Every structure is written in C-alpha cells, then in structure tokens.
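The values are calculated or read from the model by the stated rules, or taken from the named source; none is laboratory data. Source: prediction; values computed, not measured. Glycine also receives a Cβ, built like all others from the backbone with ideal geometry; neighbour counts cover every protein chain displayed.
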Amino acid sequence: MTRDEVLQLKVIVVAGGWSSEHDISMQSGEACQAALTAAGFKGVDLVDVAEPDFIQRLLAGNYDVVFVAMHGSYGEDGCIQGLLETLHIPYTFSGVLGSALACEKTVAKILYADAGIPTPKGVTLAATDEVTNERLDQIVDELGLPLFVKPVSNGSSFGVTSVAEETQLKKAIADAAALDSEILIEERIMGTEITVPVIGNDDPQALPIVEIVTGADYYDLKVKYEPASMHHVVPARLEAGVYARAQKLAIKAHKALHCLGASRSDFIVKDDGTPVILETNTIPGMTERSLLPDSARHGGIEFPELCTRFIEFALEAHGKGER
C-alpha cells in the first residue's frame, strides 16, 4: 500500500479506559489524533473506551485501522488487542501475546534473562500474602537497601515506592498491593537512567537513546509529565560502546517480548557500563513531550510522520484479517 493510499484510510484513536492512567491516556489520544490529522489523514476520530457505546461506535464507524493510545490495564495487557483481533480490525503496536508478556513484569524478567539481558534481583509477592517482620528481614537480606516496590502490571510509576529503610517496606508493599494482585520488589540499581525506543516489526530499529535527568529521587509521575527539555538529554551521554550495547539490548527485549510497532525499554547504566533493564513499555506515552516522540524527533522523525509509520506497521503486522 502506498503512502497516499494509507492516508485515505479511516482511523479511530482509542484511549482512556478504566485504569489509573486514564487521564494520561486521553492526553496521548488527543495528541495522536492531532498528529494523524496533521499528517493528512481525514476525519480521525477519538473515543474513550470507557464510554458505554464504545463497541457500537467502533463497529458502526467501519474503521480501517485502530490507533491504540491506552496505557495500563485493558490497554497494554492484551485486553483491547484481543477485542480487535476478534473483530478483525488492524491496530497499532503489539498483539495479545506481546502486550501481556511486557505488562507482567515478573514474566518479562524471565524472558529478559533468557535473552541475556541483565535485570535487577527481585522478589515477587502476592497481594494476599502475609508480610511478617521475618519476611521483611528476608527480603532485605536478599536484596539489600535501597529497594523499589512496584505493582507487577501498573505503569506511569503509579504505586511505585523507593524504599531506603526497612521500616518503610511494609507500607510500600501495602500501597502496591492496593493497585495490583502481585507486587515486585527489586534491588535499586544505581547509575545513569536511560530509555531506548525501538520501532518496527520483524526488523526493528533503535531510536536515539534518551538520558533522563530528574533531580528527584527517581523518574516519578510528576517528573514524567513536566516539559521534556527539563529532563531529557538526547542523545544520552554514554561512551560509544555502551550506547551501542544499550540499543542492542533494547532490540533484544523488543524481540524477546514479541513486541510490534514500537516499544520503549528503560535501563540503568551502572558505573561499569552495564545496562540493566527495568521494564519495557509497549504503548509508551504519546504526547509531543513524551520520551519516544522526543527521541524520534531528535532522530529526524517528526510526530505526524511517526504516527503515520505506526499505522503502516499496524497494517503490516495485523492487517491480514478480513471483517
């Protein structure tokens, strides 16, 4: 399909939903709608999937492709992807399998290790587990301090706590348990925080690495949605060999998790130059100030072009079904 033919397709952007990331997702959806319109698509629609008539609107619109801008539960975990597969409508980004694998951090860690990608040491708890003082002691003995406590499948740093003292650990676990059925506790890796966007399907390419400079304890929710110029250094200030290694590992993660279209893997680069992966996002933030669009812009891909490429990747990956 030529670019001119792609621009004639009828597109709907799906965003929002029921997760804690609803508002951020709507911001991504609005930005993607505007970018696709600027690229030349005609009459791009936007819908919040939490609206009662979402399914009716999706079916009645006879859309050629769905641009998925949902973050968190129902968007990045394979749920919306399963619906769209059932309806035989092509959609952007990873499929059911890739979405589910990347969303479940404990499963992703296993696949990272199998692919030779360094990961932090970690412990997983069920939200229903009794956390005794003895268990807290065991966790600290195994992982040391400081620690990070996070929900297994949440995003945008919701429910993430940096723990410096054992006395803070029990509350941090309870906070994460309020948001998910499983909690991941990991050693805190010290070093330079970077993120590596990757785009493409069978032959994915790494975009310029973004170094994240916060001035805060970590890249928390508040910092993530401040202007990019305050916290992003592109390209990251890494030695050439380390830079290339991080890009290679991000592509490995993209493939290991069966990602499609785009992914963004977050790393800490240790003082010895080892990139240690933290997580992979299959639907990263998609506003102009977000990390992936900022990286693409530094790589010569403006936001409207980037969103158009995502549509093309979607047709390549998911466009074989017939409605």
- For residues that are closer than 29 Å to ALA314 by Cβ, touching a helix residue (DSSP H, G or I) at 6+ places or on another chain (Cβ under 6 Å) and part of a loop (DSSP other than H, G, I, E, B), tally how many sit in region 261-284. 2
- For ILE251, indicate whether it is over 16 Å from the mean Cα position of the chain (by Cα), assigned to a helix (DSSP H, G or I) and more than 21 Å from VAL152 (Cα to Cα). no
- Message: Any residue in region 1-22 that is touching a residue at least 40 places away in the same chain (Cβ under 8 Å) sitting within a Cβ distance under 8 Å of a residue that is among the polar types (S, T, N, Q) and surrounded by fewer than 19 Cβ atoms within 10 Å (Cβ to Cβ)? List the pairs, counting only those 6 or more apart or interchain.
- Response: LYS10/ASN62
- Residue check, GLY159 under 30 Å from ALA69 (Cα atoms) and not assigned by TED's automatic domain parsing to the domain that holds ALA69: yes
- Task: Tell me which residues, restricted to region 90-149, are in contact with a strand residue (DSSP E or B) (Cβ under 8 Å, 6 or more places away or on another chain), surrounded by fewer than 16 Cβ atoms within 10 Å (Cβ to Cβ) and hydroxyl-bearing (Ser, Thr, Tyr).
- Result: THR106, THR124
- Any pair with Cβ under 6 angstrom, 6 or more apart, that starts in region 238-259 at a residue that is more than 23 Å from VAL213 (Cβ to Cβ) and free of Cβ contacts under 8 Å to residues at least 12 places away in the same chain and ends at one that is charged (D, E, K, R) and part of a helix (DSSP H, G or I): none
- Can GLY40 be described as touching a residue at least 12 places away in the same chain (Cβ under 8 Å) and more than 30 Å from ASP4 (Cβ to Cβ)? no
- Message: Quick check on GLU142: is it within 30 Å of GLN27 (Cβ to Cβ) and charged (D, E, K, R)?
- Response: no
- Task: For region 150-172, enumerate the residues that are surrounded by 15 or more Cβ atoms within 10 Å (Cβ to Cβ) and hydroxyl-bearing (Ser, Thr, Tyr).
- Result: SER153, SER156, SER157, THR161, SER162
- So which of LYS105, LYS121, LYS150 ends up being of a type in the set (D, E, K, R), closer than 14 Å to LEU184 by Cα and modelled with pLDDT of 95 or more? LYS121
- Please determine, by comparing only the residues of region 71-89 that are of a type in the set (D, E, K, R) and under 15 Å from the mean Cα position of the chain (by Cα), which one is surrounded by the fewest Cβ atoms within 10 Å (Cβ to Cβ). ASP77
- For region 26-49, indicate whether the set of residues that are within 14 Å of the chain's Cα centre (by Cα), among the small types (Gly, Ala, Ser), buried (at least 18 other Cβ atoms within 10 Å of the Cβ) and part of a helix (DSSP H, G or I) is non-empty. yes
- Is it the case that VAL68 is buried (at least 22 other Cβ atoms within 10 Å of the Cβ), touching a strand residue (DSSP E or B) at 6+ places or on another chain (Cβ under 6 Å) and not polar (S, T, N, Q)? yes
- SER265 being among the polar types (S, T, N, Q) and at pLDDT 95 or above: yes
- Message: Just to check your reading of the model, which residue among LEU249, LEU238, LEU291, LEU278 is out of contact with any Cys (no Cβ under 8 Å at 6 or more places or on another chain) and closer than 22 Å to ALA34 by Cα?
- Response: LEU291
- Only one of PHE93, PHE67 is touching a Cys at 6+ places or on another chain (Cβ under 7 Å), under 20 Å from GLY16 (Cα atoms), hydrophobic (A, V, I, L, M, F, W, C) and not in a helix (DSSP H, G or I), namely PHE67
